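The values are calculated or read from the model by the stated rules, or taken from the named source; none is laboratory data. Predicted model, so just to flag it, every value in this text is computed and none were measured. Ideal geometry is used to build each Cβ from the backbone, glycine not excepted, and the neighbour counts take in all protein chains shown. Surface areas here come from the heavy atoms of the whole protein model, side chains and all, with no ligands, DNA or RNA. Shrake-Rupley method; radii C 1.70, N 1.55, O 1.52, S 1.80 Å.
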Amino acid sequence: MTELQPVRGTRDLIGEDQRRYQHVVNTARRISARYGMAEWATPIFEDTRVFSRSLGETSDVVMKEMYSFQDRGGDSLTLRPEATAGICRALVTNGLTQSLPQKVFYTGPMFRYERPQKGRYRQFHQIDVEVLGSAEPLADAEVIACGWDILQALGVADDVVLEINTLGDRASRDAYRAALVEYFSDHRAGLSEDSLARLERNPLRILDSKDEGDRRIIAGAPTINAHLTEAAATFYAGLKGYLAALGVPFVENPRIVRGLDYYGHTAFEFVTSRLGAQGTVMGGGRYDGLVEEMGGPPTPAVGWAAGIERLSMLLTELPPAPRPVAVVPVGEAAEVAALAVLQALRHEGIRAEMAYRGNLKRRMERANRIGARAALILGEAEVARGIAQVKDLDTGTQEEVPLAELPSKLR
Ligand code: ATP
Ligand code: MG
């Protein structure tokens, strides 16, 4: 029989890969809770319209990357390519638009049909923070500060730069769009196929192009600054002031537009030079129109998502793998008594393992192989005296410990 392979662009998470993954998720969960974020979970698949409406028909994700399929009942469903749309759908379906703001932490697998490469997969995983129901730039700043704290707690902040931009309000964007159409129309000849299509539908998205030729033209494109309304400029100034007050360092990058169509005002990315072409580890912004797209009332909102795989690759320090103690019975009669000791330790919250078979030598070998910190050796003599020989597997020293004192000794 041929050996079956994982689907292209998917990966197994085992051993250290799993520990990196867990460390990112646990850290993000712990830090976001300090900001008052509550964890939500929504289904992995949704009605395709949840994504096609919200991401914008012209976004890369909707045009080329979605895993959409018809189920047996004939409904068009899509494996979620990102979290925000489902969160907004859930806000509306659960009647939470009446109790705002909602501060959300979210994590899980996402699916995009992309060309797999380092840091780019077809099933990947995100952590995600959203604040729904606030139109204040302080909400944007707090969401960003939460992301920055998570990067610091992971020990990767030194390798990452926060770049921010504003996409203004509707009026700013309309004026800017006209300026961009004029500029890019003069440079049609040099634009990629994709960008020519964007020129008709959504010229802002050209700024997000990764094509080399496009990038050269983009370098000379006008920025939004000259087109910001007073309200939009005030909002942006507010954001920058709050970031400074919260102690979050940033640089401004007028080229950041974000890949999805629903953004306005704040757009930001945390970027690194350590991951080659896949340099964006965290990205987000303000999406005031999205909840309405889901059939809810107008609800301003802001949030970000970060790729767990990219964060995992940046990690240089992992918490050490937990080390169990190994219970080592010597002889059949001692095994029953050893099981009671094993279970008592586990019930006291101590990681404890016992091999299913083997003589003393084999069991000691296994204890070393699983990285045990200590071996509890229990022969018949020890059982009769109510003690265990506790061998420290790092120093090799051994001492007798009464069974009742084992938990406090080992904790
Ligand atoms: P990119 O420009 O790299 O394609 P994006 O703008 O499509 O990113 P978002 O939709 O903003 O990405 O998703 C937020 C984060 O999720 C990204 O910054 C990245 O860390 C991660 N991410 C996105 N797509 C993938 C993928 N295919 N594989 C791994 N991580 C991904
Ligand atoms: Mg992408």
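Look at the stretch 200-228: where a residue is farther than 17 Å from Glu182 by Cβ, no partner that is more than 16 Å from ligand 2 (Cβ to nearest atom) and among the aromatic types (Phe, Trp, Tyr) sits 6+ places away or on another chain with Cβ atoms under 6 Å.
Screening the stretch 52-63 for residues that are over 16 Å from Asp288 (Cα atoms) and hydrophobic (A, V, I, L, M, F, W, C) and picking the one that is nearest to ligand 2 (Cβ to nearest atom) gives Val61. Name the residue, out of Arg205, Arg188, that is among the basic types (Lys, Arg) and within 25 Å of Thr84 (Cα to Cα). When all the criteria are applied, what remains is Arg205. Within the stretch 257-283, being modelled with pLDDT under 95, surrounded by 21 or more Cβ atoms within 10 Å (Cβ to Cβ) and near ligand 1 (Cβ under 9 Å from one of its atoms) holds for Arg258, Leu260.
Within the stretch 131-141, at least one residue is outside any helix (DSSP H, G or I), buried (at least 22 other Cβ atoms within 10 Å of the Cβ) and either away from ligand 1 (no atom under 16 Å from the Cβ) or in the same structural domain as Val61 (by TED's automatic domain parsing) (or both). Residues in the stretch 41-88 that are in contact with a helix residue (DSSP H, G or I) (Cβ under 8 Å, 6 or more places away or on another chain), open to solvent by less than 10 Å² (accessible area, probe 1.4 Å) and more than 13 Å from ligand 1 (Cβ to nearest atom): Thr78, Gly86, Cys88.
Checking each residue in the stretch 284-311 for being more than 10 Å from ligand 1 (Cβ to nearest atom) and either among the aromatic types (Phe, Trp, Tyr) or surrounded by fewer than 24 Cβ atoms within 10 Å (Cβ to Cβ) (or both) picks out Tyr287, Asp288, Gly289, Glu292, Glu293, Met294, Gly295, Gly296, Pro297, Pro298, Pro300. Against the conditions (1) more than 21 Å from Leu138 (Cα to Cα); (2) of a type outside the set (Gly, Ala, Ser); (3) surrounded by fewer than 21 Cβ atoms within 10 Å (Cβ to Cβ); (4) within 16 Å of ligand 1 (Cβ to nearest atom), Asp214 satisfies every one except (3). Does the stretch 226-267 hold any residues that are of a type in the set (A, V, I, L, M, F, W, C) and either within 16 Å of ligand 2 (Cβ to nearest atom) or in contact with a Gly (Cβ under 6 Å, 6 or more places away or on another chain) (or both), and which are they? Those that are of a type in the set (A, V, I, L, M, F, W, C) and either within 16 Å of ligand 2 (Cβ to nearest atom) or in contact with a Gly (Cβ under 6 Å, 6 or more places away or on another chain) (or both): Leu228, Ala232, Ile256, Val257, Leu260, Ala267.
Could you go through the stretch 343-351 and let me know if any residue there is over 29 Å from Glu16 (Cβ atoms) and either basic (Lys, Arg) or surrounded by 11 or more Cβ atoms within 10 Å (Cβ to Cβ) (or both). There is at least one residue in the stretch 343-351 that is over 29 Å from Glu16 (Cβ atoms) and either basic (Lys, Arg) or surrounded by 11 or more Cβ atoms within 10 Å (Cβ to Cβ) (or both).
With respect to Phe184, determine if the residue is among the aromatic types (Phe, Trp, Tyr), open to solvent by 20 Å² or more (accessible area, probe 1.4 Å) and assigned to a helix (DSSP H, G or I). Considered against the rule, which asks whether it is among the aromatic types (Phe, Trp, Tyr), open to solvent by 20 Å² or more (accessible area, probe 1.4 Å) and assigned to a helix (DSSP H, G or I), Phe184 comes out as no. Restricting attention to the stretch 312-333, the residues that are in contact (Cβ under 8 Å) with a residue 60 or more places away in the chain, open to solvent by 40 Å² or more (accessible area, probe 1.4 Å) and not β-branched (Val, Ile, Thr) add up to 5. Checked against (1) touching a helix residue (DSSP H, G or I) at 6+ places or on another chain (Cβ under 6 Å); (2) under 30 Å from Gly276 (Cβ atoms); (3) not in a helix (DSSP H, G or I), Gln126 meets all criteria but (1). Scanning the stretch 88-124 for residues that are touching a strand residue (DSSP E or B) at 6+ places or on another chain (Cβ under 6 Å) and away from ligand 2 (no atom under 16 Å from the Cβ) turns up Leu91, Leu96, Pro101, Gln102, Lys103, Val104, Phe105, Tyr106, Thr107.
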